[in-house]
Amino acid sequence: MIVVLVGGRRERGTTAESEPFEATSVSLASDTPLDTSSGVAHPAHMVTYLQETPAPELGAEMIAEIEEIFTDTFIAPVACRVQGEGCTGAVGCCPGLVCVSTNGFSGFCQQP
Amino acid sequence: MLLPGVVVAELGGGGVLMDTRRPAAAYLSPTALGWLHGRPPAAEHRAQHAHCLTQWRAIGLVAPAHGAAATAAHSDLEVRAADCAASVPHPVLVVAMAATCAFCAQLAADLAANSRSLSELDASVLLVDADGTRTLGRPLAAPAHRCLTRLGRHAAHRGTPTAVLVAPGTPARVLTGFDEVSHALITLSGADARATITEAPTSCSVNVAAQPVDAVLTARVNGVRLGIAVRGQESRQITETATGGIPDDGYTPVTLTVERPGTFHLLFRGGELLTRAATPTALHQTLQAVLAGYGRHASPGRDEIPLLCGVVEHEGRQAVLFPRTWMSDLVKRARQLGNAGWRVRPEPFTTLRSAPGSGVLHLPDPARPGRPGPAVTAVLTQAPRAGAPPTRAWLLASVVNWIARPATTEAIHTLAASLRPLPVHTGTWQEALTHLTGRTGR
């Protein structure tokens, strides 16, 4: 089953559950087969976003919902980030600071 | 408002604000895209407009509102460095480190791997953290050591690693970040920093680099220097034969690591596993392919778009892009993917071309240079770990950000336009594996 999303919007009740991403840990020992016995349910279906199609019936409420996130930042820094600098959950602030997010994705390094 | 080298590309239903010189970008909703095109914010959006500007400034995409603060901090560090310069008899690189900083851990691993070339430096390197100061290279007298240690502790406030290069008779230079500090170390060792590959670490890189290595070999391809760390005599022999790498050729950050902890020969790029080779011949071939990839990237062809992502190829006909963070997991399942006809390409950059007219992205055909190879038919990626579900434009913006920097404005616009018709599938790497092996042709 593929969940088709038009206009970047998930259809209610049909989205596949997505696990939070974890940093890759490398096993050096053997040719480990895919773990199907961990008890963790992998839904095995990806959520598909197809090319957007014109949707003239899109109401103002739906547009506002889609635009809830006005911006989001992607960074690959080369040093820890100091107070006031942008960060994402996966990108480290300098010791003693935390990444405070206002949209759930990216934010700023601040004093805890 | 936009800083030099920052461009806006439209994606349909939004856009992306891209730095062409370093890996920083921002997704733009349609409303935010309008603001960058000069449309004034509506009254009910003023708070969001201000927040967007703050966020774009924080990652260096738009001009800062108050440039004076950073300048003041910078000049303060230079004044302190000038005070120390009077007591140093030779160049000293003071590096501010921190225990919980992954970039510093990778730098420490590189320094340990390059210990022989550092011991021959005609300079000193001072590593300063909360636990104390360690001196590499030439020794320093106590007064200079004390002054430079204070300087290092002050430099840590600019983020770690930050270094200050202090030399008699020349103004001090402040260097922030793994790249800049590594470049300073390469230059101090007498090697060419601009010709040396320096790839910023990930948390996975730190895991791979944690154990000591037997040597760092410096390989040269197409004018580029590349550091290959080896563990074990057999790995060293294969690497020397395949790459022509030599030890003790100046400071070289570790880019590749070769080892054989068990049955397989393992090749890592930073923290990513590129291959698990069953035979020396297979490792040899992969090493040569990876090295050739770095060589090609040093002088890219016209119209080529290099991406920092992985790619799986299906029987030479179609290709699917995926994030680099999945590389190790998919390489470990190479046999399962192979049974379904998919091959994970080990090259360090996924080089794409956009076909004139159709705009279809494709890999080059290795057998017929200049002819289109497998066409890119989809992108697999992960959704953000928190917050609302992403929009398609958000996902495309994150994929455009895979482009290797520096990038040309033309390449960014071509990539953004060519991605627009492609399906984007989101999920975990396990779901991606099932997606690829459960069916083909999507």
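The helices (runs of 4 or more DSSP H) found entirely in the range B:264-382 include none that carry 3 or more residues being within 14 Å of chain A (Cβ to nearest Cβ) and on the phi > 0 side of the Ramachandran plot. Restricting attention to the range B:1-50, the residues that are assigned to a helix (DSSP H, G or I) and more than 7 Å from every other protein chain (Cβ to nearest Cβ) add up to 11. Taking each residue of the range B:407-422 that is away from chain A (no Cβ under 14 Å) and looking for partners that are buried (at least 16 other Cβ atoms within 10 Å of the Cβ) and in a helix (DSSP H, G or I) with beta-carbon atoms closer than 8 Å, six or more apart or interchain, yields B:415/B:400. Within the range B:189-236, the set of residues being outside any loop (DSSP other than H, G, I, E, B) and either without any contact (Cβ under 8 Å) to a residue 24 or more places away in the chain or touching a Leu at 6+ places or on another chain (Cβ under 6 Å) (or both) comprises B:219, B:221, B:228, B:233, B:236. Annotation for the range B:298-307: no member residue is in contact with an Asp or Glu (Cβ under 7 Å, 6 or more places away or on another chain) and surrounded by fewer than 24 Cβ atoms within 10 Å (Cβ to Cβ). Residue B:433 satisfies every condition listed in (1) touching a residue at least 40 places away in the same chain (Cβ under 8 Å); (2) more than 9 Å from chain A (Cβ to nearest Cβ) except (2). Within the range B:197-214, the set of residues being at pLDDT 95 or above and assigned by TED's automatic domain parsing to the domain that holds residue B:255 comprises B:213, B:214.
Going by what's in this entry, would residue B:255 be described as within 23 Å of residue B:405 (Cβ to Cβ), within 15 Å of the chain's Cα centre (by Cα), among the β-branched types (Val, Ile, Thr) and surrounded by fewer than 22 Cβ atoms within 10 Å (Cβ to Cβ)? For residue B:255, the condition - within 23 Å of residue B:405 (Cβ to Cβ), within 15 Å of the chain's Cα centre (by Cα), among the β-branched types (Val, Ile, Thr) and surrounded by fewer than 22 Cβ atoms within 10 Å (Cβ to Cβ) - is not met. Kindly evaluate residue B:84 against the criterion of being on the phi < 0 side of the Ramachandran plot and within 10 Å of chain A (Cβ to nearest Cβ). No; evaluated as a whole, the condition is false for this residue.
Scanning the range B:350-372 for residues that are buried (at least 18 other Cβ atoms within 10 Å of the Cβ) and either in contact with a helix residue (DSSP H, G or I) (Cβ under 8 Å, 6 or more places away or on another chain) or of a type outside the set (Lys, Arg) (or both) yields B:350, B:351, B:352, B:354, B:361, B:362, B:363, B:364.
Residue check: residue B:111 meets all listed conditions (1) at pLDDT below 95; (2) under 24 Å from the mean Cα position of the chain (by Cα); (3) not acidic (Asp, Glu) but one, namely (1). Among the candidates B:52, B:104, the residue that is of a type outside the set (Gly, Ala, Ser), under 24 Å from residue B:190 (Cα atoms) and at pLDDT 90 or above is uniquely B:104.
The values are calculated or read from the model by the stated rules, or taken from the named source; none is laboratory data. What you see is a predicted model; the values in this text were computed from it and never measured. All Cβ positions, even for glycine, are placed from backbone atoms using ideal geometry, and neighbour counts span all protein chains on display.
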